[in-house]
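The structure appears below as structure tokens.
The values are calculated or read from the model by the stated rules, or taken from the named source; none is laboratory data. Note that this is a predicted model, so its numbers are computed, not measured. Cβ coordinates were reconstructed from backbone atoms using ideal geometry, including for glycine residues, and neighbour counts include every protein chain displayed. Each accessible area value is taken on the protein alone, full model and side chains, heavy atoms only, with ligands, DNA and RNA left out. Shrake-Rupley method; radii C 1.70, N 1.55, O 1.52, S 1.80 Å.
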Amino acid sequence: MAAVGTMAAMGPLPAMGTLPPLPTLGVPGVPELKPLTRYEAMRLGPGWSHSCHAMLYAPNPGMLFGRIPLRYAVLMQMRFDGLLGFPGGFVDRRYWSLEDGLNRVLGLGLGCVRLTEADYLCSHLTEGPHRVVAHFYARQLTLEELHTIEISAVHSRDHGMEVMGMVRVPLYTQKDRMGGLPNFLANSFVGTAKFQLLFALKILNMVPEEKLAEAVAATQRPKKAAIDHSGGAGHHKAGNERASSNELGERAEHPGMMHAGAEQLVGLEGQALAEQLAGAEALEQAGLGADAEQAVADVME
């Protein structure tokens, strides 16, 4: 299935035709890249490089913990450099069309998928000293087809070399407002991959724009600083070390005292272990195991 009809209309246009308005991301905290049509991109001079990447996705009716909708399964890759990105790469326009070059690279990393011009989604000029135009494609599949590609990717030529593995993007946000998409966006992405992910999720109506903005904002909030007890801890540590030193000295002079203290310590540890085992057995007999697991799941949400 093609990405969307409205975006497919951003294909080749007559030279004198009126260009349609190009969408923007519009998510606070994410720098905008300059959009351009496919027609404009093809008219760029030889000093520009072209990169083509693809987002493969499928509707996913699954429910996490039986309550959180998964929405879609979206594939990305963990790259050799530890960065997240989409399948694809640079295309040499002297020898390949955009789609032929993209499919050649996809064959090395995925092994069993071919995209067409109908899957074209958008193009953006990248920031920085390098003159690169990033082309992005999106193909909707069934969940079974997507799973087949995940399996095929393990047997592709680049697996374990340039590609460390496929990952699915969590499109939900848990109750703590960090679990799921916010934590995923806090990872490191290569080039325009993070922008392209957010852009596609918005344009394809896979995640509401306000939810995207909330997820991005959550990654920008400073983490709570740990309480610093170092000042007092130093004094307590020194005092404890002195006390331990004195105590060891006394026990060295009286070996019987050291032996008795060791027996007492072992006895206390054994008693504590016995109490824990007894408590666990009581919970099991009372049938609380499932409730405890549910409590853990609620906390994780």
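Points to keep in mind about this one:
- Paramagnetic label zone (point 7 Å from Cα along Cα-to-C-beta, S188; backbone N under 20 Å) in region 54-87: 76-87
- With protein chains left intact and a 1.4 Å probe, residues in region 32-171 average 48 Å² of accessible area per residue.
- Label-point gap, in nm, between F65 and S97 - each point 7 angstrom along Cα→Cβ: 4.8 nm
- Net charge, F184 excluded, C-beta distance under 11 Å - Lys, Arg +1, Asp, Glu -1: +2
- Counted charge near E99, where neighbours are those whose Cβ lies closer than 9 Å (Asp, Glu -1; Lys, Arg +1): -2
- Under Karplus coefficients 6.51, -1.76 and 1.60, residue-wise ³J(HN,Hα) of region 55-64 in Hz, glycine/proline x: 10, 9, 8, 8, x, 10, x, x, 10, 6
- Accessible surface of L64, taken over heavy atoms with a 1.4 Å probe and every protein chain present, rounds to 50 Å².
- Rounded, prolate or oblate (a/c below 1.5 giving rounded, otherwise prolate when a/b exceeds b/c) for region 130-174 by Cα gyration tensor: oblate
- The packing ranking of peptides 203-213, 105-115, highest mean first, is 105-115, 203-213, where packing means the average number of other beta carbon atoms within 10 angstrom of each residue.
- The calculated FRET efficiency for the pair V30 and R131, based on their C-beta separation and a Förster distance of 30 Å, comes to about 0.85.
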